[in-house]
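See structure below.
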Amino acid sequence: MPVSRSRKKRHQDDEVTQADHTPQQVGNPAWLAPTMVTLLIVGCLWVIVYYLTSATLGLPLPWIGQWNIAVGFVIMLGGLGLATRWR
């Protein structure tokens, strides 16, 4: 007949098992939030500057024309990607 473990031993084993499976509470890296906000703002400003200057200068990069909108949105998507990691 197998020998059963004591209640105390089983309780200690349960605590260890639960502790091993709980996710660790880790905060954000210090660079995450400032980088996220900066990318969102820079991307938004890129698109705004292009819309305001498209009739005359076409800034920020005049030689790519309408692709300035895509560049601004890609920058904003980088900020959005970082936002998904923010806790």
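No lab work stands behind these numbers, since they all come straight from the coordinates. These figures come from a predicted structure and were not determined experimentally. Cβ: placed from backbone, ideal geometry, glycine included. Neighbour counts: every protein chain shown.
Observations
- Footprinting exposure proxy ranking of Ile75, Ile64, fewest other C-beta atoms within 10 angstrom first, gives Ile64, Ile75.
- Neighbour counts of other Cβ atoms within 10 Å put Trp31, Trp46 in the fewest-to-most order Trp31, Trp46.
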